[in-house]
Amino acid sequence: MITTTASRNLEEVIEECRTIFDIPGIEPAVAWKHAERGRKLIGCFPVYTPVEIFHAAGALPVGLAGGGNRLEIVHSDSRFQSFVCSIIKSTLEQGMTGMLDEIDGMVFHSICDSARNLASVYTRNFPNTPVEYLHYPQNFALPEAAMHLRSEYERLATFAASITGTTVTPGRLKESLSLYNRIRRLIRLLYGLRAERPHAIRTSELYSLVRVGNLTPPERHAEILVEALAAIERREGKSRDRLRILIVGSFCEQPPIDLISAVEDAGCYVVDDDFLIGRRWLIGDVDTGVSDPLLALADGYRNQSVASPVKHDLRVSQSQMLIDRARRLNADAVIVLCAKFCEPALFAYPLYRRALQAAGIPNLFLEFEEKMWMFDRVKNEIETFVESMLFA
Amino acid sequence: MEKLQYQGHLHTLQKELMGDYYAELTASANGSGLPAAYLLIGGNPVEILRAFDILPVFPEVNALQLAVRKQSLPFIQAAEFMGYSSDNCAYVKADIGMYFGGRTTPFATIPEPSLLLCNYVGCNVYLDWFEHLADYSRRPIFQLDIPFIRTASGKPSKDDIAYVTTQLHRLIEQCEEITGRKLDQDRLREAVRLSSETGALWSKIKHLTKAHPAPYDAYFDSVTMMAPLYCLRGTQAGLDFFETAYAELQEKANAGIGALSEERFRYVIEGPPPWPHLRTFRDMFSRWSAIAVASTYSTVGGLWEFGFTHDPDSPIESIARHLLEWNLTNRNFLQRYDQIGRYIEEWDAHALVIHSVKSCRLFSAGQGDMREYFTKRGIPTLLVESDLEDPRYFSEAQMRNRIDAFFESLEHRSTQGQSVTV
């Protein structure tokens, strides 16, 4: 477990984060469960889960993030075909090899067709693990969408309570909302800081600070983020002449952290990204001063959440939001970094490309798989792209 | 081997009807016909459009028509040139390529939409597809948000039904704006009545393949009937077609006439057809005297054979139930296992063939698990892969080898009593 000491520098904090998440499986969460006798773990498939509900029921929401590049797929590729993205298979593989045995409940959502079918396959293969499937609204203009989502969240609360034995009361939910509001504010601070002073914190470091929240109790995650913010303030660094890059497309399956480093090492400052976007899904605080916090949380999804290819909010143009974001952050270019076979990301790309070209913003399309471990080719592509911009 | 003739009277009748339908599309495109709305096959509330005299246009049907006529590849490639991935659904790519290619096809000129009606029933690609069309065409879009079947009961909740019903009323308001006239309740009831009777006949037709021999192939011949089922449902012409079809097929069943001269194997097939190579694929089964007695693909638009019927006395709610519960695409993957299991038992099939298509992950993702499920239950199961639209993914020699090996094994199995998985 991470211990807080006033003098820890950022490297030390990051090092400990990486020891928590950098191995396949969910061992740190299992250790928590054993220490907190009687408590439960609820696994949350990406992209976004209203984790506050599980926390309010007394469970630890465990953020599943695939198998990385150290998990060998042996069993699950006979269940899902070669044209299905890796995180579907690596999640099932972890289940089939016993790595998720301590999970007391699982939740999937209507993000894509493969994830939806995985929910069924998981249900069948693990009859002792309760599985819930959440329908997110797809028509954001409908005023009724928030109420329908509220009824979905209520079902989720009942599901969580059936696992933990603790009812999700409005009071408990408000406490959880406050805690997660705070975590999101801290992450937003870190993201803002990186956009302003990208030399002060590497993206691979920022990624680690967010990712550790997948397997850590939120109370502890907030402490880590506070400690990191203080450590960054003490850090000395000098800005270099690098391209400011916005990366989009990696919102579900995650690129290996070494790939993120490779992007930076190729001569880029990443000024914004959508890695682990579920942890920053809500862009403002959920109002805890209301009588119906479940509705407030649902309304946050409808009216105060990020643009994403797994959301189809046509009140705004996703492409235009990307252009606005790039301009606001003074980005020199956009890299669309898609997981191989990720349909939502691959479908977003043609619209992005059209809009980026029309706006005169250079862009590069790259594909990755979580299991990749050689980055020379990708790095070379990015270097060439950077050079073409610097010396054009 | 002598080339088999599959095309009979029904096929000719279907071609005529679809020719008329496509002439209506062309007229609409030329500005002399009805306003057009694009919508999707899954579930689909076509009755509301019919009540407003809005012409339904199904991009999926257009895309598959391109594939059957071997015209899809240049459009797919045009879309890929725009940035669409080789791993994206090729229906979408063919349609987008065709849209930018002037909307001209060998069978019709496709009109610009007055409305993009995205009836989201399970398939997330639908959402992307229509979002893109809205972006390109700048035409109004209505996203009909249909909650997926996700509870153990296999039924939609009361909230779901109320939510969809509310949306259908909003859709009606939008149709009123487009056409400039109020909904005629009698017209809606009439369209729903026609759908109800059409669905009842289609259901009876589906049950006819329980006969030995089956009077028609429930995959390759069902697709012939699916075109009028979707494009003409809610019209008198559509109903007339199904009256003729039922009478003809029932007569064959009663007379003990099969679809093939001999019926040796009865199988259930899962997954959409390889449209660019439909005839070749069909021959691979026919040469084994194998007949599909049931298919999941023929239920994407509706599951009438398991008891659904539109209700003219409660038109909106029955349309909502059709969208929510009574079509394959909005049901979860395990419900499909149950559906197939029922077909195998009640339609007396010997085997399951899974045609896994890369384009459609709604259908395909996880079919390896499905194979495992049925194999463990002693059902011989074959899994083959190609695509529904992209001709490049069909490997004829490999496909033939696998199908031959499977039926050879089935022959042996009858003497050995073993399970078969290929």
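The values are calculated or read from the model by the stated rules, or taken from the named source; none is laboratory data. Every value quoted in this text rests on a predicted model; they were computed, and no experiment measured them. We place every Cβ from the backbone using ideal geometry, glycine too, and count neighbours over all the protein chains shown. Ligands, DNA and RNA are excluded from the accessible area calculation, which covers all protein heavy atoms including side chains. Shrake-Rupley method; radii C 1.70, N 1.55, O 1.52, S 1.80 Å.
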Scalar couplings 3J(HN,Hα) for the range B:371-378 by Karplus 6.51 cos²θ - 1.76 cosθ + 1.60 (θ = phi - 60°), nearest whole Hz, x for Gly and Pro, are 4, 4, 4, 6, 4, 5, 8, x
A 1.4 Å probe over the protein heavy atoms gives the range B:9-416 a carbon and sulfur accessible-area percentage of 48 percent
With the full set of protein chains present, the residues of the range B:133-163 whose 1.4 Å probe accessible area falls by 30 Å² or more relative to the chain alone are B:135, B:136, B:143, B:145, B:148, B:150, B:159, B:163
For the table B:206/B:252; A:89/B:358; B:15/B:70; A:89/A:379; B:155/B:376; B:70/B:358, the rows whose alpha-carbon distance is greater than 20 Å are A:89/A:379; B:155/B:376
Reported to the nearest 10 Å², residue B:204 has, with a 1.4 Å probe, an accessible area equal to 100 Å²
Losing no less than 30 Å² of accessible area (probe 1.4 Å) relative to the isolated chain, the residues of the range A:336-360 are A:341, A:343, A:346, A:347, A:350, A:351, A:353, A:354
Distance in Å, no decimals, from the C-alpha centre of the range B:79-143 to the one of the range A:333-380 is 22 Å
Taking the convex hull of the alpha-carbon atoms of the range B:9-416 and averaging its shadow over every direction gives an area in square nanometres of 18.9 nm²
Quick shape summary for the range B:1-159, equivalent ellipsoid via Cα gyration tensor, semi-axes whole Å in descending order, reads 26, 21, 20
Rounded to two decimals, the Rg over Rh value of the range B:209-319 from Cα coordinates and the Kirkwood Rh reads 1.00
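On average, how much accessible surface per residue is there in the range B:9-416, in Å², for a 1.4 Å probe, leaving out ligands, DNA and RNA?
On a per-residue basis, 33 Å².
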In degrees, nearest 10, the alpha-carbon axis of helix B:333-346 is tilted away from the dominant principal axis of the alpha carbons of chain B by 50 degrees
Taking Lys and Arg as +1 and Asp and Glu as -1, residues besides residue B:274 with C-beta under 11 Å from its C-beta add up to -2
In the range B:342-362, accessible area falls by at least 20 Å² from chain alone to full assembly (1.4 Å probe) for B:358, B:361, B:362
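In Å, the Kirkwood hydrodynamic radius of the protein assembly as shown over pairs of distinct alpha carbons?
On the way: mean 1/r = 0.0358 Å⁻¹.
In the protein assembly as shown this quantity evaluates to 27.9 Å.
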To the nearest 10 degrees, the tilt of helix B:124-137 (Cα long axis) against the first principal axis of the alpha carbons of chain B is 40 degrees
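What fraction of the DSSP beta bridges in chain A is antiparallel, stated in percent and rounded to the nearest 5? Before the final figure, lay out each step's value.
Values: 1 of 26 bridges.
Beta bridges within chain A, antiparallel portion: roughly 5 percent.
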Computed over the range B:9-416, the relative contact order (Cα-Cα under 8 Å, seq sep at least six) in percent reads 20 percent
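If you take the square roots of the eigenvalues of the alpha-carbon gyration tensor of chain A and sort them as a ≥ b ≥ c, do you get rounded (a/c under 1.5), prolate (a/b over b/c) or oblate? Display every interim value, and only then the final one.
Numbers: a/c = 1.37, a/b = 1.32, b/c = 1.03.
Cα axes put chain A in the rounded bin.
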Note on the range A:294-392: alpha-carbon gyration tensor, axes a ≥ b ≥ c; rule is a/c under 1.5 for rounded, else prolate if a/b larger than b/c, else oblate; result oblate
Chains B and A: accessible area buried, summed over both chains, 1.4 Å probe, nearest 100 Å², reads 4700 Å²
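Give the value in nm², to one decimal: projected area of the alpha carbon convex hull of the range A:126-270, averaged over all directions.
Computing the convex hull of the Cα atoms and averaging its projections yields 12.0 nm².
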Expressed in Å to one decimal, the Kirkwood Rh of the range B:268-422 from all distinct alpha-carbon pairs is 16.5 Å
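Among rounded, prolate and oblate, which fits the range A:1-156 when a ≥ b ≥ c are the square roots of the eigenvalues of its C-alpha gyration tensor, a/c under 1.5 means rounded, and a/b larger than b/c means prolate?
Details: a/c = 1.67, a/b = 1.22, b/c = 1.37.
The shape class here is oblate.
At 1.4 Å probe size, with the rest of the protein present, what percent of the exposed accessible area of chain A is carbon and sulfur atoms? Let's see the in-between values first.
Numbers: 7180 of 14400 Å².
On chain A, the fraction of accessible area on carbon and sulfur atoms equals 50 percent.
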